[in-house]
Amino acid sequence: MAGTDYINALGAGASFDTKKIVEALVNAERAPQKARIEKSIANSEATISGLGKAVSVMNVLSTAAERLNDASDFKTYAVSNSQKEAFSATTTSSARTGSNSITVSQIAREQRSVSGAFGSTTASLNSGSAITLSMVIGSSSTTTTNIVVNEPTLQSTVNAINNAKLGVTAEIVDTGGTGNNYRIQLIGSTGAEKAFSLNSNENSLSFSSVQSATDASISLNGIDFTRSTNVIDDVLTGVTLTLNGKTTGAASLAINQDNTATRANIVDFVTIYNESKRQLDELASSSVDGPLSGDSIFRSMTRRLRSIMLDTSSTPGTNLRSMSDMGISINKIGQMEVSDKKLDAALADNFADVVKIFSANTDDQSLRDATSAGIAGDLAKLIADATDSSAYLSTQQASLKTKNADSAVDLTDLEEKMAKVEARYTSQFLAMQRIIEEMNSTSESMKSSFENLPFSNRD
């Protein structure tokens, strides 16, 4: 049986491509290791992205909950004012419902005084010599301040008064026309105690009052009040009155509970929860390869969120105990839906229960230290704890980022290792090729020798 020519089979005498052979061997060794590391990095990046999205979704839901987690969030009022041209009214959460009778007999005014007329704003006063202004402020109790004006003109006088910062503003007014059309106008603060006078040792610079300083005078529910300002927030609890003019007789001011904002906040809360639930479920879904599908801690968080929404409130009311009692139920696809009729009835008939169910009747849950904080308070607290920088969602992201950094180092190490493997294979194949070449040379030499023997067969 003819023997196998291994040398020729390997490419002896045919110059086989050592470089390609080495590259194939190195790639065969590198590929599974590199694929494993890169897959780990990709999985970690997907998880990091999923955790980040979960935090973002939860924060949006928390914002919606925080509009319902304080009792004050529900205290919104509608104002009915019979004489809006005379005054306006705004409310805070501390307002009380009820009807009020208001009469505005006088609004607060500031004193205004003007000087005589001058032909120029820059012409010298008192022949250029310094003048002294004496500003007296107050009616029952007065304070006097002297103001020295060097190199006096109308403009320098105005500057000196304003720089004194006495609560009286000076300005130059142009009355128009020709000749002496420039005057200094002085404007004080509102209130009788802010009346002022300004005297000068310059005879040409004198002032006369064109409007007196007065207090505001109002009657509220039969009680008379005087205030130095037209913005009054201390005569009706939780209500700020802004006076614009006198009333014609008595005006009626009614403060009524307004559930419009509360209703809107509840509906928004449900809508945002539904969308948040959809996104969180998608992150945890194995059927769509959610990046957090294998995260048991995350799934436990989402179950807790649903439980807070669906179960009886941690602070139930007397007649209503849960969101379902106010007409907010789960539909066939697992989404919450609102019955407008039932929600409106709950707000109208059991408003106090609604407030308690959501907020536990707390005035401020910003510290989130209540054991039972109501649906909105419990949800906001859970999310705050879950998204804290020291909590799982954040620490897990940090851990995976560290892991990926280590994997990047592994990739670098792998390439360094493969470079060494490539160098070894190259050295080995080059040595083999030299051996083959030597064998080929020997073979040719032997063949030639045999052919030259006297007993060799010849054609």
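The values are calculated or read from the model by the stated rules, or taken from the named source; none is laboratory data. Note that the structure is predicted; figures quoted are calculated from it, not measured. As a convention, Cβ positions derive from the backbone with ideal geometry for all residues, glycine included, and neighbour counts pool all protein chains shown.
Observations on the model:
- Boolean, PHE118 is touching a residue at least 60 places away in the same chain (Cβ under 8 Å) and assigned by TED's automatic domain parsing to the domain that holds VAL235: no
- Segment 378-426, subset in contact with an Asp or Glu (Cβ under 8 Å, 6 or more places away or on another chain) and within 30 Å of ILE357 (Cβ to Cβ), residue modelled with the highest pLDDT: ALA380
- Hey, ASN150 loosely packed, with under 12 Cβ neighbours inside 10 Å and either touching a Phe, Trp or Tyr at 6+ places or on another chain (Cβ under 7 Å) or assigned by TED's automatic domain parsing to the domain that holds TYR182 (or both) or not: yes
- Residue pairs meeting the criteria (Cβ under 8 Å; at least 6 apart or on separate chains; first modelled with pLDDT of 85 or more, in segment 39-66; second exposed (fewer than 15 other Cβ atoms within 10 Å of the Cβ)): ALA64/ASP268
- Among the residues of segment 296-330, the one identified as surrounded by 20 or more Cβ atoms within 10 Å (Cβ to Cβ), among the small types (Gly, Ala, Ser) and within 13 Å of LEU379 (Cα to Cα) is SER313.
- Qualifying residues in segment 153-172 (those that are aliphatic (A, V, I, L, M) and over 20 Å from ASN203 (Cα atoms)) - the one surrounded by the most Cβ atoms within 10 Å (Cβ to Cβ): VAL168
- Any pair with Cβ under 8 angstrom, 6 or more apart, that starts in segment 121-139 at a residue that is on the phi > 0 side of the Ramachandran plot and in the same structural domain as VAL149 (by TED's automatic domain parsing) and ends at one that is in a loop (DSSP other than H, G, I, E, B) and surrounded by fewer than 14 Cβ atoms within 10 Å (Cβ to Cβ): ASN126/ASN201; ASN126/SER204; GLY128/GLU151
- Restricting segment 207-234 to residues that are surrounded by fewer than 13 Cβ atoms within 10 Å (Cβ to Cβ) and within 20 Å of TYR182 (Cβ to Cβ), the residue that is modelled with the lowest pLDDT: SER208
- A count restricted to segment 1-38 and to residues that are modelled with pLDDT under 50 and assigned to a helix (DSSP H, G or I) stands at 4.
- The set of residues from segment 217-235 being under 21 Å from ARG96 (Cβ atoms) and not in a strand (DSSP E or B) comprises ASN221, GLY222, ASP233, ASP234, VAL235.
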